[in-house]
Amino acid sequence: MLIIRRRRGESITVGDDVEIEILETSPTQVKLGIRAPKSVSVLRKEIIVTREQNRVASGSPAVDEKLNTLAEQYRATEASVELPDPATPIALEVSHPPVIDPKRTS
């Protein structure tokens, strides 16, 4: 664990694309600002702990395990299905209802 002292307005970086800035301090709290790409999940530890406790209590496998299973099933299905060549044009038949001109009388 890295232990570091920072003052308000100072920051640290994690990796190349996550920055944590000290916004405010008080005797009992520290307010942090976190800049990270959308692809990086930033969660409070108690949220992660609660999520894991709920998963264990429900008796269901983790979401990641379910997604991995679905991805494997998809890959197996994709391998057995012959997809059309994307360069081949696809003919679509579209039928339109007749256009009626309200100004025209028969």
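The values are calculated or read from the model by the stated rules, or taken from the named source; none is laboratory data. Since the model is a prediction, treat every value here as computed from it, not as a measurement. Quick reminder, even Gly has a Cβ in these numbers, built from the backbone with ideal geometry, and neighbours come from all protein chains shown.
So Asn54 passes all but one of these: (1) exposed (fewer than 10 other Cβ atoms within 10 Å of the Cβ); (2) at pLDDT below 90; (3) polar (S, T, N, Q). Which condition number does it fail?
(1)
Could you tell me how many of the residues in segment 29-41 are in contact (Cβ under 8 Å) with a residue 12 or more places away in the chain and either touching a Pro at 6+ places or on another chain (Cβ under 8 Å) or not in a strand (DSSP E or B) (or both)?
So in segment 29-41, the residues in contact (Cβ under 8 Å) with a residue 12 or more places away in the chain come out as 32-37, 40.
Narrowing further to those that are either touching a Pro at 6+ places or on another chain (Cβ under 8 Å) or not in a strand (DSSP E or B) (or both): 36-37, 40.
Total meeting the criteria: 3.
Residues that are aliphatic (A, V, I, L, M) and at pLDDT below 70: does segment 66-73 have at least one?
The first filter runs over segment 66-73 and keeps only residues aliphatic (A, V, I, L, M), leaving 67, 70-71.
Filter once more, so that each one left must be at pLDDT below 70: none.
Checked segment 66-73: no residue is aliphatic (A, V, I, L, M) and at pLDDT below 70.
Quick check on Asp16: is it at pLDDT below 80 and exposed (fewer than 10 other Cβ atoms within 10 Å of the Cβ)?
no
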